[in-house]
1. Helix 130-142: angle to the longest alpha-carbon principal axis of the chain, degrees 0 to 90, nearest 10?
2. Under a Cβ-only charge scheme (Lys and Arg +1, Asp and Glu -1), can you give me the dipole magnitude of the range 14-107 about the Cα centre, in debye to the nearest 20?
3. May I ask you to compute the full-extension gain from LEU182 to ASP84, defined as 0.36 nm times their residue separation minus their alpha-carbon distance, rounded to one decimal in nm?
4. Give, to the nearest whole percent, the P(r) tail of the chain beyond 36 angstrom, counting all Cα pairs.
5. Using a simple charge model, +1 on the beta-carbon of Lys and Arg, -1 on the beta-carbon of Asp and Glu, nothing else, what dipole does the range 119-263 show about its Cα centre, in debye to the nearest 20?
6. Tell me what the chain gives for mean residue ellipticity at 222 nm when only DSSP H runs of n ≥ 4 count, each as -39,500 (n - 2.57), the sum divided by the residue total, rounded to 500 deg cm²/dmol.
7. Show me the GluC sites (Glu not before Pro) within the range 16-106 that DSSP assigns to loop and that have at most 15 other Cβ atoms within 10 Å of their Cβ.
8. Return a whole-number percent for the relative contact order of the chain, with Cα pairs under 8 Å and 6 or more residues apart as the contact set.
Amino acid sequence: MSQWSAAPAPFARRLLTVLGIDELGVYRVLRVADVETPEPRPGQFAMLATAERWGGGEDERPYLPRAFSIARRRIGESHFLLEDVGPGTRRLCELREGDGLWALGPLGRGFQPPRPRHRAILVGGGVGIAPLAILQDALEAEAATDVTVLLGFRDGARAQGAALLHGARVATDDGSVGHHGLLTELLSQELYRDSRAEVYACGPAPMLEAVRAMCATRDVPAQLALEAGMACGFGACYGCAVPKRGGGYLRVCVDGPVIDARELDCVSEHAGAPS
Ligand SMILES: Cc1cc2nc3c(=O)[nH]c(=O)nc-3n(C[C@H](O)[C@H](O)[C@H](O)COP(=O)(O)OP(=O)(O)OC[C@H]3O[C@@H](n4cnc5c(N)ncnc54)[C@H](O)[C@@H]3O)c2cc1C
Ligand code: FES
């Protein structure tokens, strides 16, 4: 099955086995054996929880599962990119070969393929680069689209994450790697060079908002992968709601996480990757 056509996830979590965890600067790449998963569409995510010691100590309640983009599929394997920002991600970063991992997914709506003869510009900030790796794989497998990859990081340790994709132009806030400045400065150059582009972005909310505004001004289609806090991941709790253009709300877990930028007046402050 093509990586663009996603089968619905079975409504039950699966117990997977960890194959390994690799360092990538400050990030970790978690690899799990995942033979029976429906093939995810790039941009879809899974709710993850460790099988052992997931909160729930003597005076602690178990954590809720946490949402993670499916960063890559290899035959029989799923890969996730992790940044340790709190108790859940810290525990996941401690996993070792042979440990168990509960996974529910693939969930949500992923990216749509670009229109014929349009260049895909992938724009990722920090840990938000994760869904762009599987997207680059899918675009390159079809070999029908030119792909440009622009990635931005706070510093050099985070910029090592750029190795998850290939051929990326990198920007860092501190100038330690690549362009010294904002990722959107690189995007502006690329759109100036060739406006027949479609933009695919994931990252912190201020970055996504800058991308949205730039693409709106230049009339360039953009798909934004949002990262609102999620309690359930399948539409039941409304914890992930963000305001949509014209009134009402979108639930990031079922209406997204990938949202057409034209559906938003702006990217809310809490709707991006941890920064
Ligand atoms: C669809 C989706 C895909 C995601 N993909 C990835 C991924 O590939 N890799 C990755 O490392 N993280 C990803 N995240 C974010 C990840 O779910 C959170 O970092 C994680 O839940 C934090 O849990 P914690 O217990 O470690 O920290 P917590 O104590 O729960 O949070 C630590 C800090 O991160 C902020 N935070 C928590 N959850 C989110 C969130 N969902 N979005 C934005 N900020 C948040 C909190 O406000 C707090 O400041 C994704 C989130 C979503 C919704
Ligand atoms: S996370 Fe529960 S509705 Fe979206």
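Every number here is computed from the coordinates shown, using simple stated rules; none is lab data. Quantities reported herein were computed from a predicted structural model and do not represent experimental measurements. Neighbour counts run over all protein chains shown; Cβ positions are idealised from the backbone, glycine included.
1. Approximately 70 degrees, to the nearest ten.
2. 320 debye
3. Gain on extension, LEU182 to ASP84, equals 32.9 nm.
4. Counting pairs separated by more than 36 Å, the tail of P(r) holds 10 percent.
5. Here the size comes out at about 300 debye.
6. When only DSSP H runs of four or more count, the value is -5500 deg cm²/dmol.
7. On the way: sites: GLU23, GLU36, GLU52, GLU58, GLU60, GLU77, GLU83, GLU94, GLU97; in loops: GLU36, GLU52, GLU58, GLU60, GLU83, GLU94, GLU97.
Counting only loop positions with at most 15 other Cβ atoms within 10 Å, the GluC sites (Glu not before Pro) in the range 16-106 are GLU36, GLU52, GLU58, GLU60, GLU94, GLU97.
8. Relative contact order of the chain: 18 percent.
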